[in-house]
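Please see the structure below; I have some questions.
The values are calculated or read from the model by the stated rules, or taken from the named source; none is laboratory data. Keep in mind the model is a prediction, meaning the values are calculated, not measured. Don't worry about glycine lacking a Cβ; one is built from the backbone with ideal geometry, like all the others, and counts go over all protein chains shown.
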Amino acid sequence: MSRYYSHGKFLLTGEYLVLKGALALALPLKLGQSMTVETVCTPSLQWNAHKPDGQWFSITLDPKTLEIISCNDPAKAEKLAQILKAMRQLNPDAFRDGLRFETRLDFDPNWGLGSSSTLIANLAQWANVNPYELLKLTFGGSGYDIACATAEQPIYYQLIDGKSQTETTNFNPSFADHLFFIYQGQKQSSSKEIKAFLEQANPIDLQQDIEAVSEISRAVPKCESLDEFGMLMQCLERIIARCIGQEPVQKRFPNFEGVLKSLGAWGGDFILAATEWDENQVRDYFKSKGLEVVFGYKEMVL
């Protein structure tokens, strides 16, 4: 049996503009997805996916054609079949009779922490293919989440002439106990958000913003205080809000004492809270707003 593991991710700086070449600061997470692959005595490819509260879906495919034989979720089965067919383009010898895959997520797939990117990264390791090429053939995106999947500390990520560039960085804020992640309750479709942004954004108009975001990304790991960090987060929110024509998340919580910043696709996934409040105050505040999934920084980030 072979076993693989990939980390989930948060994009702290550079959301949307990372697609246009901005330098982004990304955080690999302690939560991720494991995958095991073993040979079994059946002429089929079996796939069983699990999430924290039990089985997610199961599929049986023909290993020669990768057509679906049986499943308990047609939509997920079709998407997985598409991914496996894309992988076969990169490695035609990857599949054979008698394989069983088991995947296990450490987090709720609705949270948007990388159920897709960790799958792509694990499959790429198993089949010995380029994960960025597999991403292009399937979900698309900048690829920062693929870089996080195998990273063991925060990274800088940038697309230069369409190629992924990754650099590790030391981001271990002294004020980490005052940073929290809150799930907003509505998973966003990264593919749809990316498509919408790329269709409306003009690279020439964005150049000044790209440079500003890159400069802020470099400055964030050097922050020595919560106030300094908060000011940089507010600057990032204003820039992205202007680029995508949406209001910063802070406006939804006007009486929150601290700074709030969207992470990844705006509108439904996690937000970051930087505040002098203690954990109980943060939990009580967001619970009163109907949001009960709250993590401390140290709980989540590698």
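Quick one: would you say Ser44 is among the small types (Gly, Ala, Ser) and over 30 Å from Ala273 (Cβ atoms)? Reasoning before the result, please.
Working: among the small types (Gly, Ala, Ser): yes; over 30 Å from Ala273 (Cβ atoms): yes.
Yes, satisfied.
Suppose the filter is modelled with pLDDT under 95 and either out of contact with any strand residue (DSSP E or B) (no Cβ under 7 Å at 6 or more places or on another chain) or outside the structural domain of Asp209 (by TED's automatic domain parsing) (or both); does Pro52 pass it?
In short, no.
Could you tell me whether Thr42 is polar (S, T, N, Q) and either in contact with a Cys (Cβ under 8 Å, 6 or more places away or on another chain) or modelled with pLDDT under 95 (or both)? Steps first, answer last, please.
Numbers: polar (S, T, N, Q): yes; either in contact with a Cys (Cβ under 8 Å, 6 or more places away or on another chain) or modelled with pLDDT under 95 (or both): yes.
Answer is yes for this residue.
Since Pro74 meets every condition but one in (1) out of contact with any Asp or Glu (no Cβ under 6 Å at 6 or more places or on another chain); (2) modelled with pLDDT under 95, which condition does it not meet?
(2)
Also, quick follow-up: Residues that are surrounded by fewer than 18 Cβ atoms within 10 Å (Cβ to Cβ) and under 18 Å from the mean Cα position of the chain (by Cα): which strands (runs of 3 or more DSSP E) entirely in the stretch 1-77 hold 1 or more of them?
Output list reads 2-13, 24-39.
Can you tell me which residue is farthest from the chain's Cα centre (by Cα) among those in the stretch 133-149 that are of a type in the set (A, V, I, L, M, F, W, C) and closer than 11 Å to Met87 by Cα?
Leu137
Given the conditions (1) more than 17 Å from Phe10 (Cα to Cα); (2) assigned to a helix (DSSP H, G or I), report the number of the one that Ser117 does not fulfil.
The single condition Ser117 does not satisfy is (1).
Follow-up. What number of residues within the stretch 78-88 are farther than 16 Å from Leu105 by Cβ and buried (at least 18 other Cβ atoms within 10 Å of the Cβ)?
Total meeting the criteria: 4.
Given the conditions (1) in contact with a Lys or Arg (Cβ under 6 Å, 6 or more places away or on another chain); (2) surrounded by fewer than 17 Cβ atoms within 10 Å (Cβ to Cβ); (3) at pLDDT below 95, and given that Ala176 satisfies all but one, which numbered condition is not satisfied?
(3)
A further question on this structure: It is to be established whether one or more residues within the stretch 89-96 are assigned by TED's automatic domain parsing to the domain that holds Asn130, of a type in the set (Asp, Glu), part of a strand (DSSP E or B) and exposed (fewer than 15 other Cβ atoms within 10 Å of the Cβ).
No, every residue in the stretch 89-96 fails to be assigned by TED's automatic domain parsing to the domain that holds Asn130, of a type in the set (Asp, Glu), part of a strand (DSSP E or B) and exposed (fewer than 15 other Cβ atoms within 10 Å of the Cβ).
Quick one: would you say Leu80 is closer than 19 Å to Tyr4 by Cα, over 12 Å from the mean Cα position of the chain (by Cα) and not in a strand (DSSP E or B)?
Yes, satisfied.
Please identify the pairs in which a residue from the stretch 46-58 that is hydroxyl-bearing (Ser, Thr, Tyr) has its Cβ atom under 8 Å from the Cβ atom of a residue that is surrounded by fewer than 18 Cβ atoms within 10 Å (Cβ to Cβ), counting only partners at least 6 apart or on another chain.
That search, which allows pairs on different chains as well, returns Ser58/Asn48; Ser58/Asn72.
I'd like the full set of residues that are more than 23 Å from Ala124 (Cβ to Cβ) and either among the β-branched types (Val, Ile, Thr) or free of Cβ contacts under 8 Å to residues at least 40 places away in the same chain (or both), limited to the stretch 2-20.
Scanning the stretch 2-20 gives a single hit, Thr13.
Evaluate the following for Gly141: is it in contact with a Leu (Cβ under 8 Å, 6 or more places away or on another chain) and modelled with pLDDT under 95?
So Gly141 passes the test.
Condition (residue is buried (at least 22 other Cβ atoms within 10 Å of the Cβ) and hydroxyl-bearing (Ser, Thr, Tyr)) applied to the stretch 160-172: is it met by at least one residue?
no
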